[in-house]
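Just so it is clear, none of the values below were taken in a lab; they were calculated from the coordinates. All of these numbers come straight from a predicted model, not from anything done at the bench. Reconstructed Cβ throughout: ideal geometry from the backbone, glycine too, with neighbour counts over all protein chains shown.
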Amino acid sequence: METKHYKTCSVCNIQKEATNEYFSKNGKCLNVKCKECSKEYSRLYHIANKERINKRQAAVKKEATDNLSDYYLKMKIKSDLGIVKHDDIPQELIELKRKQLKLHRYVRKEKIKNRKNK
Ligand SMILES: [Zn+2]
């Protein structure tokens, strides 16, 4: 018979089975907070830091968009082709997508420029 190990959550103080089902893994060890408490914690954290998180996410997104990062391009390709996993996207396709987007941006810029000159 298998012996069950229990672990007490540091937040709600409820003893739960010391498995991945109740505690998320923190590297090799199980988290001190149970999954439910972790969820609640991150929910509250998000509420408390909403503005800061949003700002940070917007900055990260802007940088990825401006620099056409691999990650950004993978997201684009994913939504274009309906690929689920990032690993399925060959680097070649990413490079092509980068060229395509650069061309798009160039054309858009030129169009705006021409419109202004009229
Ligand atoms: Zn808990």
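I'd like the FRET efficiency for Glu63 and Thr19, computed as 1/(1 + (r/R0)^6) with the beta carbon distance as r and R0 of 41 Å, rounded to 0.05.
Working from the Cβ atoms, E equals 0.55.
Going down the list Lys28/Lys50; Lys25/Lys61; Lys62/Lys116; Lys7/Lys28; Lys25/Lys78; Lys74/Lys99, which pairs span over 21 Å between their C-alpha atoms?
With Cα atoms farther than 21 Å apart: Lys28/Lys50; Lys25/Lys61; Lys62/Lys116; Lys25/Lys78.
With just the Cα atoms of the chain, tell me how far they stretch along each of the three principal axes, in Å, largest first.
The principal-axis extents, from largest down, are 78, 36, 20 Å.
In nm, to one decimal, how far is the Asp88 label point from the Asn117 one, both placed 7 Å along Cα→Cβ?
It is 4.4 nm.
Under the rule of -39500 (n - 2.57) per DSSP H run of 4 or more residues, summed and divided by the residues of the chain, what mean residue ellipticity at 222 nm is obtained, to the nearest 500 deg cm²/dmol?
-20500 deg cm²/dmol
Dipole magnitude of the chain about its Cα centre, charges +1 at Lys/Arg Cβ and -1 at Asp/Glu Cβ only, in debye to the nearest 20?
Value, rounded to 20: 1100 debye.
Over region 1-67, what is the relative contact order in whole percent, taking alpha-carbon pairs under 8 Å and six or more residues apart?
The value is 20 percent.
For Ser24, what residues show an amide H to amide H distance below 5 Å, using hydrogens built from the backbone and excluding near sequence neighbours?
Counting only residues 5 or more places away or on other chains, the set is Asn31, Lys35.
Which order do the peptides 54-62, 19-27 take when ranked by the mean count of other beta-carbon atoms within 10 Å per residue, highest first?
19-27, 54-62
Given a Förster distance of 41 Å, report the FRET efficiency between Leu103 and Asn49 from their Cβ-Cβ distance, rounded to the nearest 0.05.
0.60
Relative contact order of the chain: what whole-number percent is it, with Cα pairs under 8 angstrom and at least 6 residues apart?
Relative CO of the chain lands at 11 percent.
For labels at Tyr71 and Glu40 in the simple 7 Å Cα→Cβ model, what's the distance in nm?
According to this spin-label approximation, the distance is 3.1 nm.
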